[in-house]
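Everything on this sheet refers to the single structure shown next.
The values are calculated or read from the model by the stated rules, or taken from the named source; none is laboratory data. Here the structure is a predicted model, which means the values were calculated and not measured. Don't worry about glycine lacking a Cβ; one is built from the backbone with ideal geometry, like all the others, and counts go over all protein chains shown. Surface areas here come from the heavy atoms of the whole protein model, side chains and all, with no ligands, DNA or RNA. Shrake-Rupley method; radii C 1.70, N 1.55, O 1.52, S 1.80 Å.
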Amino acid sequence: MEIFLIKLLQFMLAISILVLLHEFGHFFFSKLFGVRVEKFYLFFNPWFHLFEFKPKNSETTYGIGWLPLGGYCKISGMIDESFDTEQMKQPVQEWEFRAKPAWQRLLIMIGGVLVNFILALFIYSMVMFHWGDTYIPIKDMTLGMKFNDQAKEIGFKDGDILIGTDEKTFTRFDVDMYRAISEAKTVDVLREGKEVEITMPEKMSLLTMLKSDPVFARPFIPADIDSVLPKTPAANVGMLKGDKLVAFNGESIDSWNEFDYHIGVLHDMLDGAKTSKDSMKVRSITLALCHAATPEKIDTVSMTLTPELTMGVMFKNVNGLYEPITVNYSFFASFPAGINYGLGVLRGYVDDLKYVFTADGAKSLGGFGSIGSLFPPTWDWMMFWRMTAFLSIILAFMNILPIPALDGGHVLFLLYEMITRRKPSENFMIRAEYVGFAILIILMVVANLNDILRWLGYM
């Protein structure tokens, strides 16, 4: 419950910041060009609001709604999600959106996207300035990688150290590395001290690589026990630091990666258990291990895992096996570094959108639950700001898509007007707004339904 609340608070804080600043972008350009803003709201307020006030001599009412699906800036003389058609029947006033030249209306509409995009780059820059850029160079991962069956069929072998592709050299183990592999014609690896070139098949799917269980490749982590927690199943059977696991329920394992995979299989089996007897059967395992004191001897031990399927041991993670490096930036140097990083995130996000139009891609759509789960289980300010910047880029890009009801839909019609010198009729704009709103509702329902199905174990 505590983890859920921490993730929820981070999500709500990030969304509140992004929505407020997005709507401020529209507000700023509206005020700049003398357009009246009737309402400025964080969150939506159908039927009632949580808070509302209107400063003396102000034409704008400020408030907080109860439905945290976004926010809005109600601009006079504009057809938007409020569907205020009565106002549009009145004579045009000089302080209305529709009375302004097209170029001013265009800036008002892209104001929110512009603020979100600049905000993301600024946050990334400040993260670089304050915390630097910490990572483990992939060339330093001397134990190599652990590959799944798909990768091994292509030609990769456990222990290979990834070097690069025909297009780029790898610097770090991240999603950009996976993306490069999926698009590569050849991949170079270091195998037993020699460089080997592997020819890649056509049409590799990044989504499949990442969704596979286990994933296409991950850093190889030995099955050496780093510590044993007291009064746990592992401690009860005499397991000690330095012991090495060599088999799980009779199947040989050579790494923590394989142990973790077997535990994942048990989780699936436990979800299907119907009785306590079935659960106990799943939780009862046998392990073969080499003790640190007698490495030439293999012992077999039996134990019952906890209901959470843990046995009370810790393995070294990647940071424990290798020494991370940190690149620090001065205040001014952090800006080009942050901008370059943010543009890379945007390029990757746009490139990955092609998977949305596939069956697996549609199933991968996530709603508020999926977004919230991206935040760390403990309050980590660096991760919080990185996630906020990432969401800001997504919000900017999604809002500029040419879908009616989004900023991009209004921009599309404004560009049409500027090119043809003809303004779309108000009836057309109203109908387009309804269509766009319906599309957004459907996408939101599908994304959040996917979250529910994943939670119920159907996806």
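Points to keep in mind about this one:
- Exposed loop sites here are GluC sites (Glu not before Pro) assigned a DSSP state other than H, G, I, E or B and surrounded by at most 14 other beta carbons within 10 Å; excluding them, the longest clear run of the chain is 309-459.
- Point-to-point label distance, LEU229-ASP299, nm (Cα→Cβ direction, 7 Å offset): 2.2
- Taking a straight line from the alpha carbon of LYS231, these lysines sit under 24 Å away, with near neighbours fewer than eight places off in the same chain left out: LYS241, LYS244, LYS277, LYS281, LYS316.
- With Cα atoms, 0 to 90° folded angle of helix 2-32 axis to the chain main axis: 30
- Accessible surface computed residue by residue for segment 155-308, with neighbouring protein chains in place and a 1.4 Å probe, gives 56 Å² per residue.
- Of the whole protein surface, ILE325 contributes about 60 Å² of accessible area at a 1.4 Å probe radius.
- Taking all protein chains together, VAL187, VAL446 sort by accessible area into VAL446, VAL187, largest first [probe 1.4 Å].
- The radius of gyration of the Cα set in the chain, together with its Dmax, comes out at 27.3, 92 angstrom.
- As a length-normalised measure over Cα pairs under 8 Å and 6 or more apart, the relative contact order of the chain settles at 18 percent.
- Centre separation in Å (Cα based) which lies between segment 102-128 and segment 272-313: 54
- Residue-level accessible surface for MET280, protein heavy atoms, 1.4 Å, Å²: 80
- Using heavy atoms of the protein chains and a probe of 1.4 Å, the accessible area assigned to LYS211 is about 110 Å².
- When all protein chains stay in place and ligands, DNA and RNA are ignored, the 1.4 Å accessible-area order of LYS7, LYS203, LYS297, largest first, is LYS203, LYS297, LYS7.
- Each residue of segment 253-270 is assigned a 3J(HN,Hα), and the resulting list reads 10, 10, 7, 5, 4, 6, 4, 4, 5, 5, 5, x, 4, 4, 4, 4, 5, 5 Hz, derived from the Karplus form 6.51 cos²θ - 1.76 cosθ + 1.60 (θ = phi - 60°), x at Gly and Pro.
- Taking a point 7 Å from the Cα of GLU59 along the Cα-to-Cβ direction, the residues of segment 37-51 with backbone N closer than 17 Å to it are 37-41.
- Total formal charge among the other residues, if their Cβ is under 15 angstrom from that of LYS185, Lys/Arg +1 and Asp/Glu -1: -3
- Carbon-plus-sulfur accessible fraction, segment 1-49 (probe radius 1.4 Å, protein heavy atoms only): 78%.
- For LYS31, net neighbour charge (Lys/Arg +1, Asp/Glu -1) across residues whose Cβ lies under 15 Å away: 0
- The 1.4 Å probe gives accessible areas that order HIS267, HIS291, HIS22, HIS130, largest first, as HIS130, HIS267, HIS291, HIS22.
- Label sites at LEU50 and SER205, each approximated as a point 7 angstrom past Cα along Cα to Cβ, lie 4.0 nm apart.
- Modelled label positions at LEU240 and ASN328, each set 7 Å beyond Cα in the direction of Cβ, lie 4.2 nm from each other.
- To put it simply, the accessible area of segment 206-340 at a 1.4 Å probe is 57 percent carbon and sulfur.
- Net charge over other residues, Cβ less than 15 angstrom from the Cβ of PRO222 (K, R count +1; D, E count -1): -2
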